[in-house]
Amino acid sequence: MIRDDKMIELVAPDSEPITPFVKKVRSLYEDKGVSSILVIGGSGDYFDVADTVIMMNCYKCIDVTNRAREIVAKWSKASTLHVSSAPFGNIVERYPRAEAYRPDNKVAVRSKSVISFGDIELDLSGLEQIVSESQTQSISAILEMIPTLAVNNATLSEILSALEKKIDRGGLDEIDQGTFHGGMARPRAFEIAGAVNRLRSKNSIVQKN
């Protein structure tokens with residue numbers, strides 16, 4: 001998230017392989033149109049790049065942006081930390097490999113947060129927006145569909161877009177593969193992508209620049 005003055009003095013920025021998020025958060029918005037809301041209480045480094053700073057005081061939200069900017073101006077000359085925004089850079093495309101999503105009919109939804117997918121126990125507990133096991137049932141079926149969608153060198157984002165269109169057009173019947181499963185609910189594309197990220201089968205995703 002950050003690198004403080006002492007660490008910068010010990011390890012120069014050009015020798016550090018990891019770029020702190022504070023140097024990318026501004027360009028994430030300017031280059032990619034993605035806003036960030038950070039809830040933090042132990043670092044003022046983000047004052048330099050924040051559009052708005054809100055402070056909670058006695059359960060009330062107070063806009064302290066102007067005060068934060070005064071503090072930035074006060075400390076900027078004395079600090080060795082320069083939070084200049086770096087270009088965000090290119091987003092690497094990801095290509096699901098169809099063979100990694102063929103579990104040989106060994107698929108079972110164990111709970112809202114666990115899918116047995118082939119020989120892998122897929123842990124979805126970190127996907128907090130999944131609210132019912134019926135969404136997990138849909139995610140399980142969607143993972144089995146990926147070999148039919150991962151054609152013509154399709155990227156993960158293209159697969160998710162095609163899937164959303166199929167469901168918009170035909171509803172959840174598009175993903176039940178003829179089983180007429182009555183216990184499904186539609187998940188968001190974000191949770192489907194999160195499940196793909198957590199599927200640790202060998203070479204399930206290939207990245208290309």
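The values are calculated or read from the model by the stated rules, or taken from the named source; none is laboratory data. For clarity, every value in this text was computed on a predicted model and none was experimentally measured. Please note: Cβ atoms are built from the backbone with ideal geometry, for glycine as well, and neighbour counts cover all protein chains shown.
Given the structure, is Ser138 more than 20 Å from Arg94 (Cβ to Cβ), touching a residue at least 40 places away in the same chain (Cβ under 8 Å), surrounded by 16 or more Cβ atoms within 10 Å (Cβ to Cβ) and more than 20 Å from the chain's Cα centre (by Cα)? Judged against the criteria, Ser138 is not a match.
Take Asn105 and tell me if it is polar (S, T, N, Q), part of a loop (DSSP other than H, G, I, E, B), out of contact with any helix residue (DSSP H, G or I) (no Cβ under 6 Å at 6 or more places or on another chain) and modelled with pLDDT under 85. It is true that Asn105 is polar (S, T, N, Q), part of a loop (DSSP other than H, G, I, E, B), out of contact with any helix residue (DSSP H, G or I) (no Cβ under 6 Å at 6 or more places or on another chain) and modelled with pLDDT under 85.
Apart from one condition, Ile130 fits all of (1) at pLDDT 95 or above; (2) within 24 Å of Glu93 (Cβ to Cβ); (3) of a type in the set (Val, Ile, Thr); the exception is (2). Of all the numbered requirements in (1) closer than 24 Å to Val114 by Cα; (2) at pLDDT 85 or above, Ser201 misses one, and that requirement is (2).
All of (1) exposed (fewer than 13 other Cβ atoms within 10 Å of the Cβ); (2) in contact (Cβ under 8 Å) with a residue 40 or more places away in the chain; (3) closer than 19 Å to Trp75 by Cβ; (4) not small (Gly, Ala, Ser) hold for Glu30 with one exception: (3).
For (1) β-branched (Val, Ile, Thr); (2) under 30 Å from Leu156 (Cβ atoms); (3) crowded, with 16+ Cβ neighbours inside 10 Å, each residue gets a yes or a no:
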position	(1), (2), (3)
Gly44	no, no, no
Cys58	no, no, no
Val72	yes, no, yes
Ala98	no, yes, no
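The residues in segment 1-57 that are in contact with a helix residue (DSSP H, G or I) (Cβ under 6 Å, 6 or more places away or on another chain), charged (D, E, K, R) and assigned to a loop (DSSP other than H, G, I, E, B) can be counted, and the count is 0.
This table checks each residue for (1) modelled with pLDDT of 85 or more; (2) of a type in the set (A, V, I, L, M); (3) in contact with a helix residue (DSSP H, G or I) (Cβ under 6 Å, 6 or more places away or on another chain).
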{"residue": "Pro147", "(1), (2), (3)": "yes, no, yes"}
{"residue": "Asn153", "(1), (2), (3)": "yes, no, no"}
{"residue": "Leu163", "(1), (2), (3)": "yes, yes, no"}
{"residue": "Ile175", "(1), (2), (3)": "yes, yes, yes"}
{"residue": "Phe180", "(1), (2), (3)": "no, no, no"}
{"residue": "Gly183", "(1), (2), (3)": "no, no, yes"}
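Only one of the numbered conditions (1) under 15 Å from Leu199 (Cα atoms); (2) surrounded by 15 or more Cβ atoms within 10 Å (Cβ to Cβ) is not met by Asp119, and that is (2).
Selection over segment 141-169 of residues that are outside any loop (DSSP other than H, G, I, E, B) and over 20 Å from the mean Cα position of the chain (by Cα) gives a count of 11.
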